[in-house]
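Peer 1: The structure's right below; bear with me while I get my questions together.
The values are calculated or read from the model by the stated rules, or taken from the named source; none is laboratory data. These numbers come from a predicted model, not from an experiment. All Cβ positions, even for glycine, are placed from backbone atoms using ideal geometry, and neighbour counts span all protein chains on display.
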Amino acid sequence: MNRQRSTFLITVLCFGYAFLYIPIIMVMIYSFNDSRIVSVWGGFSFRWYLALLDNRQIIEAALLSLRIAFISATIATILGTLAGLALTRMGRFRGRILFTGMIVAPLVMPEVITGLSLLLLFVSLQDFIGWPGQRGATTIMIGHITFSMAYVAVIVQSRLMSMDQSLEEAAMDLGGRPFRVTIDITLPIIAPAMLSGWLLAFTLSLDDLVIASFVSGPGASTLPMWIYSKIRLGVTPDINALATIIITIVSIGVVIACWLMLRQEKQRQQDAQLAYKNNL
Amino acid sequence: MNSNLHQQRIMDILWRRFVIVAPYLWLFIFFLAPFAIIFKISFADPIVAQPPFTPLFNFSVQADKWFYFTLDNYRFLLEDNLYWISYLKSFKIAFISTCLCLLIGYPMAYAIARASPVWRNVLLFLIILPFWTSFLLRVYAWMGILSTHGVINNLLISIGFIDQPLKLLYTDFAVYVGIVYSYLPFMILPLFANLVKLDFDLNEAAADLGATPLVIFRDITLPLSMPGIIAGSLLVFIPALGEFVIPALLGGLDTLMIGRTLYDEFFSNRDWPLSSAVATVLLLILVLPMMIFQHHQINETDYQE
């Protein structure tokens, strides 16, 4: 009976992971297809990768997207960490329920609503205070910060809740001011969570199509906007190559980040054990 | 000395204020306030101007009325079948996709939770990895698989199962595949977080007392994993309801989902007030599931505290 169950579970896992990974692998294989017709295999070739290098539009769009992702991930990490601290270390404050609502809602809010509402906000602000002027990179960044800070806040919050608070309490008891305790004790401990928050914010920003389409202005076309305008009409070989590059880079980045965090965690556990033994 | 202490106190209070107010203010201005503006503009008339809608208040001398609002947009939503169909179809697609995600995701989450710790980390990592890589490109990957001369059709024809390629891309079927594929990690992760905490001694005790696996699952595992089921289902259902990219890329012309209708209304017809009305109604539909989700999240965190 037990064996029956584990066979069932293993089968489910195999099919599940095949479902998750085969489409990506297919795109990667076909990116090396020499043939212009996407579905026919015409031999192995790097021609679509070389074609990407010649495409100025795509390089400009990629650079714009990277710039937006870098700045918005950084600000989102700062604001998201503050939000995480506010939810876990500041006790009760007025409007806390509204605050948690505003942290949780962006996680599930359909992008068309967020995009439309932000655009209308920018248009109204333009009317009243003459800002933000031309819509483009800045307005996209604001949109990305808004939804990705919620993700950072949730990641940081769960780390803050699971960590041992006795260190902070000890520092407070010894007369440490809250600001210094946060900087010297809390931040180093939650740094891995902040890093994964930053990475998630970065990839979310790099990936966003809908919000950017709404709040962007003439001339500012991000990489997803450019990709979307091409694939709306069907599969093209150069997008296969681009997809392969993006997915490979992101996967390697995530693997390295995970590995670093795992190593740090192990190191920390070893240190704790060592300290415990020395104190015996 | 005393003033020094006083200064420190003020610093402490300022720091506390800053930690709360900075993210609060940001979300208030850029997340909450815009909904009020959507609501306001949904009562305006579209005009050919910049911005393309009538102001709610008009204090200029030329204006014949200082306050102007209309329910035309909402009346139009009620009268035109397009919107009814879009809302209902979105609801249907989101609901069925959520059920499919649950059917596929539950056994996977269960299997991962029961795996040895080393395997568990690897399997979990493989669930999270696609979630990090581009959503848009993962949806695109299915275009190559489902198209008329795509991988599936080529395979089926080469083994002689069919003569003519099936129409898979640009159908509702493709949209289901796309949503289940994209949102499966959102279902598995909360389910796993819940199932891994379950005490499997309970299952063993029940088995020792003669309960069959089916009964154990029905009476113990399933009720205990309800919080995970609710969280995962809402994480799939709510964004799927307003999904734009998947129906736009994989759906046919008749796959009218409300996110896509709103997008087209805005970008093709340039009717800002009507899009605002569509968004307002969608928000109203989503308020209840979102409140359940938030309530649930708060309960979870309070429980952990």
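Peer 1: Give the residues of region B:124-141 that are in contact (Cβ under 8 Å) with a residue 12 or more places away in the chain, facing chain A (nearest Cβ under 8 Å) and within 16 Å of A:Phe15 (Cα to Cα), sorted by residue number.
Peer 2: B:Ile127, B:Pro130, listed by residue number.
Peer 1: Quick test of your reading of the structure: A:Thr139 fulfils all but one of (1) β-branched (Val, Ile, Thr); (2) more than 8 Å from chain B (Cβ to nearest Cβ); (3) closer than 22 Å to B:Ile285 by Cβ. Name the failing condition by number.
Peer 2: (3)
Peer 1: Within region A:58-109, which residues are surrounded by 19 or more Cβ atoms within 10 Å (Cβ to Cβ), over 16 Å from the mean Cα position of the chain (by Cα) and away from every other protein chain (no Cβ under 12 Å)?
Peer 2: Listed by number, the residues that qualify are A:Ile58, A:Ala61, A:Ala62, A:Leu64.
Peer 1: Criterion first (at pLDDT 90 or above and either within 11 Å of chain A (Cβ to nearest Cβ) or not in a helix (DSSP H, G or I) (or both)) does B:Tyr303 satisfy it?
Peer 2: Numbers: at pLDDT 90 or above: no; either within 11 Å of chain A (Cβ to nearest Cβ) or not in a helix (DSSP H, G or I) (or both): yes.
When the stated conditions are applied, B:Tyr303 does not pass them.
Peer 1: If the requirement is being at the interface with chain B (Cβ under 7 Å from one of its Cβ atoms) and assigned to a loop (DSSP other than H, G, I, E, B), which of these qualifies: A:Val250, A:Val235? Explain how you work it out, then say what you get.
Peer 2: Working: A:Val250 fails: assigned to a loop (DSSP other than H, G, I, E, B).
Only one candidate passes the filter, namely A:Val235.
Peer 1: If B:Pro273 meets every condition in (1) out of contact with any strand residue (DSSP E or B) (no Cβ under 9 Å at 6 or more places or on another chain); (2) touching a residue at least 24 places away in the same chain (Cβ under 8 Å); (3) more than 24 Å from A:Met225 (Cα to Cα) apart from one, which number is that one?
Peer 2: (1)
Peer 1: Something else: Of the numbered conditions (1) of a type outside the set (Lys, Arg); (2) more than 8 Å from every other protein chain (Cβ to nearest Cβ); (3) crowded, with 20+ Cβ neighbours inside 10 Å, A:Gly219 satisfies every one except a single condition; which is it?
Peer 2: Every condition holds for A:Gly219 apart from (3).
Peer 1: Consider only pairs whose beta carbons are under 7 Å apart and that are at least six residues apart or on different chains; among these, list those whose first residue lies in region A:26-49 and is away from chain B (no Cβ under 13 Å) and under 17 Å from B:Thr148 (Cβ atoms) and whose second residue is of a type in the set (Asp, Glu) and surrounded by fewer than 17 Cβ atoms within 10 Å (Cβ to Cβ).
Peer 2: Once the first residue is away from chain B (no Cβ under 13 Å) and under 17 Å from B:Thr148 (Cβ atoms) and sits in region A:26-49, no partner that is of a type in the set (Asp, Glu) and surrounded by fewer than 17 Cβ atoms within 10 Å (Cβ to Cβ) comes close enough.
Rundown of residues vs (1) more than 15 Å from B:Ile41 (Cα to Cα); (2) modelled with pLDDT under 75; (3) among the aliphatic types (A, V, I, L, M), yes/no style:
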residue: B:Leu56; (1), (2), (3): no, yes, yes
residue: B:Ala63; (1), (2), (3): yes, yes, yes
residue: B:Phe67; (1), (2), (3): no, yes, no
residue: B:Asn81; (1), (2), (3): yes, no, no
residue: B:Lys89; (1), (2), (3): yes, no, no
residue: B:Ile93; (1), (2), (3): yes, no, yes
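Peer 1: Give me a count of the residues in region B:248-300 that are among the polar types (S, T, N, Q) and at pLDDT 90 or above.
Peer 2: Looking only at region B:248-300, we keep the residues that are among the polar types (S, T, N, Q), and these are B:255, B:261, B:268-269, B:275-276, B:280, B:294, B:297, B:299.
Adding the requirement that they be at pLDDT 90 or above leaves B:261, B:275-276, B:280.
Of the residues in region B:248-300, 4 are among the polar types (S, T, N, Q) and at pLDDT 90 or above.
Peer 1: Oh, and also: Step by step: first the residues of region B:98-108, then only those that are touching a residue at least 12 places away in the same chain (Cβ under 8 Å) and within 10 Å of chain A (Cβ to nearest Cβ), then the one that is surrounded by the most Cβ atoms within 10 Å (Cβ to Cβ). Which residue is that? Step through it out loud before you land on a result.
Peer 2: Restricting attention to region B:98-108, the residues satisfying the condition of being touching a residue at least 12 places away in the same chain (Cβ under 8 Å) are B:98, B:100-102, B:104-106, B:108.
Next, only the ones that are within 10 Å of chain A (Cβ to nearest Cβ) stay: B:104-106, B:108.
Numbers: B:Ile104: 19, B:Gly105: 30, B:Tyr106: 21, B:Met108: 24.
Only one residue fits best here, namely B:Gly105.
Peer 1: Just the residues that are assigned to a helix (DSSP H, G or I) and farther than 18 Å from A:Ile59 by Cα, please, taken from region A:203-228. Working first, answer last.
Peer 2: Step one: of region A:203-228, the residues assigned to a helix (DSSP H, G or I) are A:203-207, A:210-215, A:223-228.
The answer is A:Leu204, A:Val210, A:Ile211, A:Ser213, A:Phe214, A:Val215.
Peer 1: Given the residues B:Gly259, B:Gly252, which is the only one that is at the interface with chain A (Cβ under 7 Å from one of its Cβ atoms), touching a residue at least 12 places away in the same chain (Cβ under 8 Å) and either within 27 Å of B:Leu102 (Cα to Cα) or of a type in the set (Asp, Glu) (or both)?
Peer 2: Numbers: B:Gly252 fails: at the interface with chain A (Cβ under 7 Å from one of its Cβ atoms).
Of the residues listed, the single one that is at the interface with chain A (Cβ under 7 Å from one of its Cβ atoms), touching a residue at least 12 places away in the same chain (Cβ under 8 Å) and either within 27 Å of B:Leu102 (Cα to Cα) or of a type in the set (Asp, Glu) (or both) is B:Gly259.
Peer 1: Another question, then. Inspect all residues belonging to region B:227-240 and state whether any of them is closer than 27 Å to B:Pro52 by Cα and part of a helix (DSSP H, G or I).
Peer 2: Step one: of region B:227-240, the residues closer than 27 Å to B:Pro52 by Cα are none.
No, region B:227-240 contains no residue that is closer than 27 Å to B:Pro52 by Cα and part of a helix (DSSP H, G or I).
Peer 1: Being part of a helix (DSSP H, G or I), over 21 Å from the mean Cα position of the chain (by Cα), under 24 Å from B:Pro130 (Cβ atoms) and not charged (D, E, K, R) narrows it down to one residue among B:Leu191, B:Leu202, B:Leu168, B:Leu155; which is it?
Peer 2: Working: B:Leu191 fails: over 21 Å from the mean Cα position of the chain (by Cα); B:Leu202 fails: under 24 Å from B:Pro130 (Cβ atoms); B:Leu168 fails: part of a helix (DSSP H, G or I).
Of B:Leu191, B:Leu202, B:Leu168, B:Leu155, the one residue that is part of a helix (DSSP H, G or I), over 21 Å from the mean Cα position of the chain (by Cα), under 24 Å from B:Pro130 (Cβ atoms) and not charged (D, E, K, R) is B:Leu155.
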